[in-house]
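The values are calculated or read from the model by the stated rules, or taken from the named source; none is laboratory data. Keep in mind that this is a model prediction, so the values were computed, not measured. Methodologically, a virtual Cβ is constructed for each residue, glycine included, from the backbone with ideal geometry; neighbour enumeration extends over all protein chains shown.
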Amino acid sequence: MKKLFFSVLAFASLMMLSQNACYYDNEVEQYGVATCDTTNISFSQDVLPVINASCLSCHVPGGQQESSPMTNYEEIKNYSDAILERVNGIGGIMPPTGPISECNQSKIEAWVRAGAPNN
């Protein structure tokens, strides 16, 4: 009876683990060419969300990099060339948790190349 109980328990555990397993789609294989629209890049819609998600843990007053804050458009524009270099791995990768997606790198690059407009 114990053997049956532990067998059922092991089977149930494996089933639960397999249901919670990661599933990775290869977007290019599944849907064709992966798209990353870098036309009409908007600071507020495309760049700022990446900065907020990836940079503000350090680049705020009181953060590890408070000497180079990125809390508003002017500060971000002032550091735009440096931001572009760092997200592309020049001088070290930023954020320190790992690189941002290639699409977000491309969006930041398109924004900087367009003159870093406040749009």
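Scan V112, V47, V87 and give me the residue that is aliphatic (A, V, I, L, M) and in contact (Cβ under 8 Å) with a residue 40 or more places away in the chain. Quick ask: steps written out before the conclusion?
Values: V112 fails: in contact (Cβ under 8 Å) with a residue 40 or more places away in the chain; V87 fails: in contact (Cβ under 8 Å) with a residue 40 or more places away in the chain.
So the residue among V112, V47, V87 that is aliphatic (A, V, I, L, M) and in contact (Cβ under 8 Å) with a residue 40 or more places away in the chain is V47.
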Worksheet entry | Unique residue being modelled with pLDDT under 95 and either of a type in the set (D, E, K, R) or farther than 23 Å from I41 by Cα (or both) when the list is P61, P95, P99 | P61
Discussion item. Within the range 64-92, take every residue that is at pLDDT below 90 and polar (S, T, N, Q) and give me the one that is nearest to I41 (Cα to Cα).
Written reply: N88
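Hey, does the range 36-52 have a residue that's modelled with pLDDT under 90 and either exposed (fewer than 12 other Cβ atoms within 10 Å of the Cβ) or of a type outside the set (S, T, Y) (or both)?
Just the residues of the range 36-52 that are modelled with pLDDT under 90, to begin with: none.
Within the range 36-52 (the criterion being modelled with pLDDT under 90 and either exposed (fewer than 12 other Cβ atoms within 10 Å of the Cβ) or of a type outside the set (S, T, Y) (or both)), the answer is no, since none of the residues qualifies.
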Item to complete: Just give me the residues in the range 32-71 being under 13 Å from A116 (Cβ atoms) and polar (S, T, N, Q), in sequence order.
Response: S42, S44
Discussion item. Condition check: outside any helix (DSSP H, G or I), at pLDDT below 90, surrounded by fewer than 10 Cβ atoms within 10 Å (Cβ to Cβ) and of a type in the set (A, V, I, L, M). Does V33 satisfy that?
Written reply: yes
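Identify, from the list M70, M94, the residue that is surrounded by 12 or more Cβ atoms within 10 Å (Cβ to Cβ), over 24 Å from D37 (Cα atoms) and either without any contact (Cβ under 8 Å) to a residue 60 or more places away in the chain or not β-branched (V, I, T) (or both).
Details: M94 fails: over 24 Å from D37 (Cα atoms).
Among M70, M94, only M70 is surrounded by 12 or more Cβ atoms within 10 Å (Cβ to Cβ), over 24 Å from D37 (Cα atoms) and either without any contact (Cβ under 8 Å) to a residue 60 or more places away in the chain or not β-branched (V, I, T) (or both).
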